[in-house]
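Below is one structure; the comments refer to it alone.
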Amino acid sequence: MPTDVRWPFPACHSTSRSWALASKLTLGGVGVVSKIWAEWLNRTTVYNREALYKAVEERPANQPLVTISNHHSCIDEPVVWGVLKWRHLVTKNELMRWTLGASDVCFAKEWHSKFFSLGRVVPVVRGEGVYQKSMDFILEKLNAGSWVHMFPEGRVNATHEFIRLKWGVGRLIADCKVTPIVLPLWHMGMDDVLPNKSPYIPLVGKKVTLVIGRQLEFSETLSKLRQTKTPVEYSFFSKPYIIL
């Protein structure tokens, strides 16, 4: 990680109680603020909400979950998760997601690094590819049955155009020991809550829409690819995957 900040996480098998407690408190505090901002200070409408709840809390213990979504504002993470239940955010936040954050933005200073890592954000270095340390770390979490959220666009897409998706999500799905549940999300209005222009101050009274899609199944596709060892492009547009 080419920054002056050291790798912020303990080894997966040696997480101390103090680190776990600090992480739980950080997740809880951020979760409360996200809940208030998403559902009290702004008007958020969620379609197919129960599909997200079910994936988060009812999947088997060893079943990994990957959620993917568009990325319209820096506030997408963590405010979009304000739509979860209070217990997901506070009392049972061990269920909460892991995600990636730009190392040169979220981890440029030691105290930034401490805060974001306790909030389950992992530093990713743009340009170092899909086999860098952060991706290996995230894969370990998936293999332990955790939930990981990814932004396949790889950056804030301020213009809302269709851009080439990064293939890190594909690497995680392909290399996971157990084929993960993949749940797509699409949201609109987050860049009204935090516009992508100065002075970058979160606003209130805005309308946000979040659509939870249908689970994507990759077991059959992965099985065929492993048998034929032939690359293939999977198109989300080959069949509908959003439920309204």
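The values are calculated or read from the model by the stated rules, or taken from the named source; none is laboratory data. This one's a predicted model, so the numbers in the text were calculated from it and none came from an experiment. As a convention, Cβ positions derive from the backbone with ideal geometry for all residues, glycine included, and neighbour counts pool all protein chains shown. Protein only, heavy atoms only, side chains kept; ligands, DNA and RNA dropped before computing areas. Shrake-Rupley method; radii C 1.70, N 1.55, O 1.52, S 1.80 Å.
Descriptive notes on the structure:
- Rounded if a/c under 1.5, otherwise prolate or oblate - segment 104-156, Cα gyration tensor axes: oblate
- Overall dimensions of segment 120-192 by Cα: Rg and Dmax, Å: 13.2, 39
- Cα shape, segment 151-208, gyration tensor, a/c 1.5 rule: prolate
- Neighbour cut-off at most 11 other Cβ (10 Å), DSSP loop, trypsin sites (Lys or Arg not before Pro), segment 1-68: ARG6
- Evaluated at q = 0.15, 0.23, 0.24 Å⁻¹, a Debye calculation over the C-alpha positions of segment 130-237 (equal weights, vacuum) places log10 I(q)/I(0) at -0.82, -1.38, -1.43.
- Cα-Cα P(r), segment 43-144, percent of pairs per 10 Å interval: 12, 42, 36, 10
- Judged by the ratio a/c of the largest to the smallest principal axis of the C-alpha gyration tensor, segment 17-86 counts as oblate, that ratio being 1.5 or greater while a/b is no larger than b/c.
- Solvent exposure of segment 1-109, expressed per residue, is 48 Å² of accessible area, with all protein chains present and a 1.4 angstrom probe.
- Low-density loop cleavage sites - chymotrypsin sites (Phe, Trp or Tyr not before Pro) in segment 128-176, where at most 14 other Cβ are within 10 Å (DSSP): TYR131, PHE162, TRP167
- Against the compact-protein benchmark of 2.2 N^0.38 Å, the Cα-based radius of gyration of the chain scales to 0.99.
- Of LYS166/LYS207; LYS35/LYS206; LYS85/LYS109; LYS24/LYS141; LYS24/LYS85, those spanning more than 21 Å from alpha-carbon to alpha-carbon: LYS166/LYS207; LYS85/LYS109
- Note on the chain: with neighbouring protein chains present and a 1.4 Å probe, carbon and sulfur make up 59 percent of its accessible heavy-atom surface.
- When GluC sites (Glu not before Pro) are flagged only if DSSP places them in a loop and at most 11 other Cβ atoms lie within 10 Å, the longest unflagged stretch of the chain comes out as 59-160.
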